[in-house]
Every structure is written in C-alpha cells, then in structure tokens.
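Pasting a structure below so you can have a look.
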Amino acid sequence: MNTHLKNDYDVIVVGGGASGMIAAGRAAERGKRVLVLEKNKALGEKLKISGGGRCNVTNAEENTRVMLPSYGSAEKFLYSPFTKFGVKETFEFFASHGLPLVIEAHKRAFPKTQKAFDVFLVLEKYMNDGGVDVKAGSAVTKIIGSNGQIEKVVVGKTEYTAESYIFATGGVSHPETGSTGDGFGWLKNLGLDVQDPTPTLVPIAVNDKWVKKLTGISLDPARVTFFLDGMRSFVVKGRILFTHFGLSGPTILNASSKIADILHEGEVTALIDLFPNTDHGTLDKQLIEFFDANKNKSLKTCFKAFAPDGMSEAILSQLDTVDPLVKVHSLKKEDRKELIQLMKSMPINIDGLMGNDMAIVSDGGLMISEVESKTMKVKKYDNLYVTGDLLNIRRPSGGFSLQLCWTSGYVAGENC
Ligand SMILES: Cc1cc2nc3c(=O)[nH]c(=O)nc-3n(C[C@H](O)[C@H](O)[C@H](O)COP(=O)(O)OP(=O)(O)OC[C@H]3O[C@@H](n4cnc5c(N)ncnc54)[C@H](O)[C@@H]3O)c2cc1C
C-alpha cells in the first residue's frame with residue numbers, strides 16, 4: 001500500500017460539492033495545506049444542476065431569527081454558525097468574488113448571471129487562490145479511526161493522512177451527481193448516531209380549502225398538470241387521494257421528486273382534470289343530456305349524481321357566480337361551460353412537499369446532537385468535521401439547503 005507521509009496535509013476534505021468546496025477554500029485561506037478528494041471527475045456536479053441550472057444560492061432573509069425557524073428542530077443548533085457565516089455573509093462572499101446575487105419572488109436569491117455554473121466557478125477559484133490540492137476521480141473507500149481520532153482515509157491502494165478531516169459527501173438524492181450516501185455508512189461505523197435516509201416519495205401540501213374538504217376521497221384516474229411559474233412543466237395520470245393536508249396517492253408520490261425539483265425553481269401550481277378520459281366537447285354533451293333529464297331539480301341536488309363521488313360540493317364552491325340552488329333549466333350556458341372548464345381543470349397551489357418538508361435532498365444524516373454547532377466538529381472525534389447534506393437537518397426549498405452548505409462548510413473550514 002502506498003502510504004503518504006504522516007500529515008501530508010493539514011486538512012483533507014472528502015467530497016467536492018458545495019459544502020466541501022467552501023470548506024476547503026476557507027481552510028486554505030487560513031493558510032492550511034488542504035486536499036480535496038472527490039469521487040467524480042469533476043467537482044460540484046449537483047451544484048451545477050441546482051435551481052434548474054440557475055442555482056437558488058440562498059434565501060434573502062438576513063434576520064437570522066426570522067430565517068432559522070425554517071430549519072425546524074435545528075433552529076437553535078444553527079444560531080451560532082449562522083452568526084459566523086449567515087445570509088449576509090453569503091451575499092457578501094459571492095459579490096466580493098465577482099458574482100452578485102439578485103433576489104426574486106419568495107426571497108429566493110440567484111446569481112445575477114442566472115448560471116449555477118458561475119457559482120461553481122467562484123468556489124473553484126476560491127480553492128485555487130488558496131492553493132487547494134484537488135484529486136478528482138478519487139473515491140474514498142475506507143475511513144480509519146479510533147480513540148476519538150480519524151487516522152487516515154483510503155482511496156484504492158493509497159492512504160492519505162491529515163491533522164483534520166472534513167466529511168462533505170452529501171446525501172443520497174440524485175445519486176448520478178456522486179452523492180451515494182457513502183458518508184452515512186462511515187459515520188455509522190465510527191459509532192455515531194446516523195438517521196437512515198428515507199426515500200423522497202412524499203405527498204404534497206396544498207392550502208386550497210376545496211382540497212381539504214375532500215379528505216379521504218380518491219379519484220382514479222385523474223390527470224394532474226403541473227406548472228412552474230405559470231408554464232406547463234409535466235403531466236401525471238392515475239389515482240390521487242385528497243387528504244387533510246393536500247394530495248397523496250401513488251401518482252402523486254411517484255411524482256414527488258419531480259415536483260420537488262421544480263419547487264426549487266419557482267412557484268408551482270397544478271390543474272386537476274377530474275375526467276381525463278373524456279374531452280371537453282363530450283363532457284359538455286353528457287352534462288346537457290343529464291341536465292335535460294333533471295330540468296326541475298336544483299343544481300346542488302342533481303350535480304351530485306354527475307360529479308365524481310363526493311366531489312360535487314367542492315366543485316360548485318369554485319363556481320362563485322352561480323347559486324347552487326338554481327334550477328338547472330335556468331342555468332346559463334356560460335355557467336355550464338365554466339362548470340365543464342372546472343371539472344377539466346380544478347386549480348391548486350402547491351405549498352411544498354410533506355414529510356421531508358419540501359427538501360429535495362434526502363432525509364436523514366448525522367444527528368446534530370453529535371456535532372458541536374460552533375465548529376461543526378463531531379463531539380466524539382477530535383479531528384472530524386461534517387458539513388452540508390450529511391447533516392440531519394430538515395429545511396424547505398428556496399435556497400435553504402445551499403445556505404446550510406455555505407454556513408456549515410465555511411464554519412468547518414474556519415475551525416479545522
Ligand atoms: C436537482 C437539484 C436541485 C437543487 N437545487 C437547489 C437550489 O436551487 N437551492 C438550494 O438551496 N438547494 C438546492 N438543491 C440542494 C443542494 O444542491 C444540496 O443541498 C447541496 O448541493 C449539497 O451539497 P453537499 O456539499 O452537502 O453535497 P453534494 O453536493 O452532494 O456533494 C457531495 C460530493 O461528495 C462526493 N463524494 C461522495 N462520496 C464520495 C467518496 N466516497 N469519495 C469521494 N467523494 C465522494 C460526490 O461525488 C459529490 O461531489 C438541489 C438539489 C438537487 C438534487
């Protein structure tokens with residue numbers, strides 16, 4: 001085995017994603033000799049596809065007390081690291097490296113150039129300026145540690161040693177970018193408390209009142225068309241289930257990672273077609289015939305038999321210009337047309353994903369009770385630091401994940 005001299009480096013960063021790159025850059029800026037070991041041929045593959053290629057770098061909430069509740073139970077844990085490198089520092093960091101950020105809807109901040117690749121270039125230069133040694137195509141296969149110390153990391157037949165180690169190998173979402181959950185296994189083997197990653201098949205949260213009224217009702221099939229900032233994004237068809245928080249059922253669960261992806265890019269809305277196998281014209285004809293046969297009944301009474309089971313009230317509640325007690329023979333043509341339009345496209349606003357709180361990153365990771373928040377050092381190991389998606393911290397979409405990477409990465413680089 002080819003063993004390098006003891007402490008060839010001051011710091012070894014395993015994983016060259018967003019958090020690993022900023023950690024390496026900061027450590028090098030402090031004069032440390034830093035090595036980044038990255039499995040892929042290129043660094044930052046997930047960063048380059050983030051935010052649909054535009055990269056939602058952070059959420060522009062500079063008031064830490066307002067920002068931190070978004071991280072749920074990690075709020076208190078993050079207070080100290082955010083005081084050292086929070087949203088304000090993120091804005092300053094990118095601006096001072098020639099990439100100012102601009103703020104869009106919901107405080108989502110993007111690079112002015114609208115290119116995730118430019119965010120990567122800033123970090124690459126930050127590392128280069130500090131003289132960070134990068135070994136791409138180097139998958140760490142083994143970690144050796146005992147007595148509260150990491151001793152070495154192994155890449156194939158080569159061992160590398162350093163005074164400090166930063167694990168930044170990410171989670172398990174989008175494994176094609178290199179995040180295959182290796183760090184979870186290492187941390188477990190080191191005797192640390194790691195929550196297993198859970199699959200990101202999660203229901204969606206919807207705030208529209210009419211959806212909540214339908215709790216327990218399922219529709220099979222329905223067609224759901226998703227829109228990103230008003231532009232058609234993708235369509236799914238199959239069984240959906242209305243719940244007290246929004247929508248579930250196999251069709252929704254299977255689409256959840258796609259929904260999560262577009263939630264990172266902007267406002268997501270959807271239209272539900274309650275009669276996906278019947279076109280507008282045919283449905284209108286059927287409704288005319290049905291109303292003809294029930295002329296003297298009120299709309300409210302007779303529509304029950306036409307609408308999908310249990311859904312008539314919810315549909316009529318969306319038709320605010322029409323009195324549900326009107327006799328169907330006096331229902332105006334334009335109102336009937338609107339009713340058809342509604343049944344073919346009931347509108348909903350997607351609030352986010354349930355379960356892992358909208359995060360498109362995998363759930364799970366190192367429990368924060370194992371980590372010193374001031375430094376990102378693992379309590380039981382004197383020379384091990386952990387950053388980014390490896391930490392078990394839930395957060396919503398909107399720049400919160402990458403902010404966590406900048407904060408935890410910078411603080412680890414500052415203290416290692
Ligand atoms: C499609 C998509 C869009 C997103 N958009 C946004 C967004 O706009 N805003 C936002 O805030 N968040 C977004 N996120 C989440 C954000 O990208 C992640 O939270 C962030 O990239 C995680 O960074 P990380 O440094 O923790 O890990 P990663 O970026 O996952 O990096 C881990 C690195 O470690 C390497 N590695 C793994 N195992 C080994 C090993 N054994 N040896 C050596 N190297 C290894 C991997 O190859 C990888 O390069 C998005 C995520 C996805 C998937």
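Just one of (1) of a type in the set (Asp, Glu); (2) farther than 24 Å from residue 182 by Cα; (3) open to solvent by less than 40 Å² (accessible area, probe 1.4 Å) trips up residue 62, so point out which.
The single condition residue 62 does not satisfy is (3).
Filter segment 303-348 down to the residues that are hydroxyl-bearing (Ser, Thr, Tyr) and either outside any loop (DSSP other than H, G, I, E, B) or surrounded by 14 or more Cβ atoms within 10 Å (Cβ to Cβ) (or both), then identify the one that is modelled with the highest pLDDT. Quick ask: steps written out before the conclusion?
Pass one, segment 303-348, residues hydroxyl-bearing (Ser, Thr, Tyr): 312, 317, 321, 330, 345.
Those still in the list that are either outside any loop (DSSP other than H, G, I, E, B) or surrounded by 14 or more Cβ atoms within 10 Å (Cβ to Cβ) (or both) too: 312, 317, 330, 345.
On the way: 312: 93, 317: 90, 330: 90, 345: 96.
The qualifying residue modelled with the highest pLDDT is 345.
Check segment 125-142 and report whether any residue there is open to solvent by 50 Å² or more (accessible area, probe 1.4 Å), within 24 Å of residue 398 (Cα to Cα), away from the ligand (no atom under 14 Å from the Cβ) and of a type in the set (Lys, Arg).
No, that holds for no residue.
Among the polar types (S, T, N, Q), in contact with a Cys (Cβ under 9 Å, 6 or more places away or on another chain) and either within 15 Å of the ligand (Cβ to nearest atom) or open to solvent by 10 Å² or more (accessible area, probe 1.4 Å) (or both), is that true of residue 96?
Details: among the polar types (S, T, N, Q): yes; in contact with a Cys (Cβ under 9 Å, 6 or more places away or on another chain): no; either within 15 Å of the ligand (Cβ to nearest atom) or open to solvent by 10 Å² or more (accessible area, probe 1.4 Å) (or both): yes.
It is false that residue 96 is among the polar types (S, T, N, Q), in contact with a Cys (Cβ under 9 Å, 6 or more places away or on another chain) and either within 15 Å of the ligand (Cβ to nearest atom) or open to solvent by 10 Å² or more (accessible area, probe 1.4 Å) (or both).
Can you tell me which residues in segment 15-35 are more than 6 Å from the ligand (Cβ to nearest atom) and either open to solvent by less than 20 Å² (accessible area, probe 1.4 Å) or of a type in the set (A, V, I, L, M) (or both)?
Taking segment 15-35 first, the residues more than 6 Å from the ligand (Cβ to nearest atom) are 21-35.
Those that are more than 6 Å from the ligand (Cβ to nearest atom) and either open to solvent by less than 20 Å² (accessible area, probe 1.4 Å) or of a type in the set (A, V, I, L, M) (or both): 21, 22, 23, 24, 25, 27, 28, 34, 35.
Restrict the check to segment 282-294 and report whether at least one residue is among the acidic types (Asp, Glu) and open to solvent by less than 60 Å² (accessible area, probe 1.4 Å). Please lay out each step first, then the result.
Here is the first cut: in segment 282-294, the residues among the acidic types (Asp, Glu) are 284, 289, 292.
Still in the list and also open to solvent by less than 60 Å² (accessible area, probe 1.4 Å): 284.
Yes, the conditions are met somewhere in segment 282-294.
For segment 384-416, what are the residues that are open to solvent by 10 Å² or more (accessible area, probe 1.4 Å), touching a helix residue (DSSP H, G or I) at 6+ places or on another chain (Cβ under 6 Å) and within 19 Å of residue 145 (Cβ to Cβ)?
Within segment 384-416, 385, 416 meet the criteria.
Still on this model: Residues that are touching a residue at least 40 places away in the same chain (Cβ under 8 Å) and surrounded by 22 or more Cβ atoms within 10 Å (Cβ to Cβ): list the strands (runs of 3 or more DSSP E) wholly contained in segment 146-188 that include at least 3 such residues. Step through it out loud before you land on a result.
Values: elements: 149-155, 158-160, 162-167.
By residue number, 162-167.
Here is a follow-up. So which of 134, 140, 102, 119 is assigned to a strand (DSSP E or B) and in contact (Cβ under 8 Å) with a residue 12 or more places away in the chain?
Values: 140 fails: assigned to a strand (DSSP E or B); 102 fails: in contact (Cβ under 8 Å) with a residue 12 or more places away in the chain; 119 fails: assigned to a strand (DSSP E or B).
One residue alone meets the criteria, 134.
So, residue 223, is that one farther than 30 Å from residue 168 by Cα and modelled with pLDDT of 95 or more or not?
yes
Is it true that some residue in segment 36-44 is open to solvent by 10 Å² or more (accessible area, probe 1.4 Å), basic (Lys, Arg), outside any helix (DSSP H, G or I) and closer than 22 Å to residue 166 by Cα?
Taking segment 36-44 first, the residues open to solvent by 10 Å² or more (accessible area, probe 1.4 Å) are 38-43.
Now narrow it down to the ones that are basic (Lys, Arg): 39, 41.
Those left that are additionally outside any helix (DSSP H, G or I): 39, 41.
Now drop any that are not closer than 22 Å to residue 166 by Cα, which leaves 39, 41.
Yes: one or more hits.
Counting just the residues of segment 263-281 that are within 16 Å of the ligand (Cβ to nearest atom) and charged (D, E, K, R), which one comes out most open to solvent (accessible area, probe 1.4 Å)?
Applying the first criterion (within 16 Å of the ligand (Cβ to nearest atom)) to segment 263-281 yields 263-268.
Then keep just the ones that are charged (D, E, K, R); that gives 265, 267.
On the way: 265: 51, 267: 89 Å².
Filtering first and then ranking leaves 267.
The values are calculated or read from the model by the stated rules, or taken from the named source; none is laboratory data. Owing to the predicted nature of the structure, the values given are computational and were not obtained by experimental measurement. Glycine also receives a Cβ, built like all others from the backbone with ideal geometry; neighbour counts cover every protein chain displayed. Surface accessibility is based on the protein's heavy atoms, side chains included, excluding ligands, DNA and RNA. Shrake-Rupley method; radii C 1.70, N 1.55, O 1.52, S 1.80 Å.
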